[in-house]
Amino acid sequence: MDKLDAKIVSALERLSHVLRTLLWEEAGESRLSPIQIQSLLYLRSHDEKLCRVNQLAEEFGLTPATMSDAVSSLEAKGLLTRKPWPQDKRVFTLRLTAKGRRSAEKLARWSDVLTKQLERFAPEEKEQALKFLLKLIESLYRAGIITVARICLTCRFFRPNAHKNARAPHHCALMDKPLAESDLRVDCPEHERVA
Ligand code: SF4
C-alpha cells in the first residue's frame, strides 16, 4: 500500500475508534447493544418511508432476521413501535416512542465534542474534507463494499459541474437549483439511485 494511502487508512481507523468511544460514553448505563444504539439514532433522523425493518437491515449491512431481533428487543424495552406501512399492510415501519425519542436525543449528544472541534477549522478546509469523504463513500458504494449511500454523487438527480459559477458548480435536477460543494448532501431523503 502507498505510504500516503496507509496513513489515510490509519487516520480513518483512529477516528473510527474515537467516534465509537464517544458514542459508548454517551450510551453509559443504557444497556443497549451497538446495533440498538445505531437503530435509535437512525430512527431519530429519518423519514417514516426509510424506517422499514428491511431498510434498516440494508443500511447496517445485516440480515433482516438479525435486524428483526434488534427491533423486537427495542420494542420490549418500550423504545419503539411497529406501524403498518400504508402502501403495503404486510410491511411495518418503525416509530420511536416518547421514551425512545428521549433516549435517542441523549445518544445524539455523542457528536457534540466533535462538532465543537470542527468549529476551529476554516470553511474551505471543511469543504475539502467533505468533498474527499463523499468521493470515498461513492467509491466504496460503486465497489459494492457499502450498499447504501444517499449522497448526491450517487443520485440520479445530480448534475456535476453543470454551471460555470465556481461557487455553485453542481445542480440538483429534483430541486432545480445549483449546489455548492458545501451543499452536497450526505444523507438526502429525496435521493434516488442512478439506474
Ligand atoms: S435529490 Fe438530494 S441527493 Fe439527489 S442531487 Fe438533489 S440534493 Fe443531491
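Each value in this text was obtained by applying a stated rule to the coordinates, not by laboratory testing. Keep in mind the model is a prediction, meaning the values are calculated, not measured. FYI the Cβ positions are ideal-geometry reconstructions off the backbone, even for glycines, and counts take in every protein chain you see.
For the range 156-195, the list of trypsin sites (Lys or Arg not before Pro) that fall in a loop by DSSP and count at most 15 other C-beta atoms within 10 angstrom reads Arg156, Lys164, Arg167. Could you work out the local net charge near Arg142, counting Lys and Arg as +1, Asp and Glu as -1, over the other residues with Cβ closer than 12 Å to its Cβ? In short, +1.
Candidates Leu134, Trp110, Pro84 compared by Cα position along the dipole of the range 34-150: farthest toward the positive end lies Pro84, with charges placed on Cβ.
Rounded to 0.05, the FRET efficiency of the Ser10 and Arg90 pair, given R0 = 35 Å and the Cβ-Cβ distance, is 0.15. Here is the list for the range 64-130: chymotrypsin sites (Phe, Trp or Tyr not before Pro) lying in DSSP coil, each with at most 14 other C-beta atoms within 10 angstrom of its C-beta, are Phe121.
Divide the volume of the convex hull around the Cα atoms of the range 3-114 by the residue count and you get 121 Å³ per residue.
How tilted is helix 98-108 with respect to the longest principal axis of the chain? Cα atoms for both, answer in degrees (0 to 90, nearest 10). Roughly 40 degrees, rounded to the nearest 10.
Under 14 Å from the Cβ of Arg90, count the other residues' Cβ atoms, weight Lys and Arg +1, Asp and Glu -1, and hand me the total. Local charge sum for Arg90: +3.
Taking θ as phi - 60° and the Karplus parameters 6.51, -1.76 and 1.60, the scalar couplings of the range 63-68 work out to 6, x, 5, 5, 5, 4 Hz in sequence order, x denoting glycine and proline.
Annotation: amide H-H contacts under 5 Å for Leu80 (H modelled 1.01 Å from N, sequence separation of 5 or more, or interchain): Glu75, Thr97. One chain, two ends: Glu192 and Arg142. Fully extended at 0.36 nm per residue, the span grows by 16.5 nm beyond their Cα-Cα distance. When you filter the GluC sites (Glu not before Pro) in the range 1-59 for DSSP loop state and at most 11 other Cβ atoms inside 10 Å of their Cβ, you are left with Glu29.
Put in order of Cβ neighbour count within 10 Å, fewest first, the listed residues Val148, Val53, Val186 become Val186, Val148, Val53. Per-residue 3J(HN,Hα) values for the range 154-159, derived from phi via the Karplus relation 6.51 cos²θ - 1.76 cosθ + 1.60 with θ = phi - 60°, read 10, 9, 5, 8, 7, 10 Hz in sequence order (x marks Gly and Pro). Annotation: extensible slack from Thr63 through Ala76 equals 2.7 nm (criterion: 0.36 nm per residue apart, minus Cα-Cα distance).
Count the lysine pairs in the chain that are 8 or more places apart or on different chains: how many have C-alpha atoms under 22 angstrom apart? Lysine pairs meeting both conditions in the chain amount to 20. Working from Cα pairs under 8 Å separated by at least six residues, relative contact order for the chain is 16 percent.
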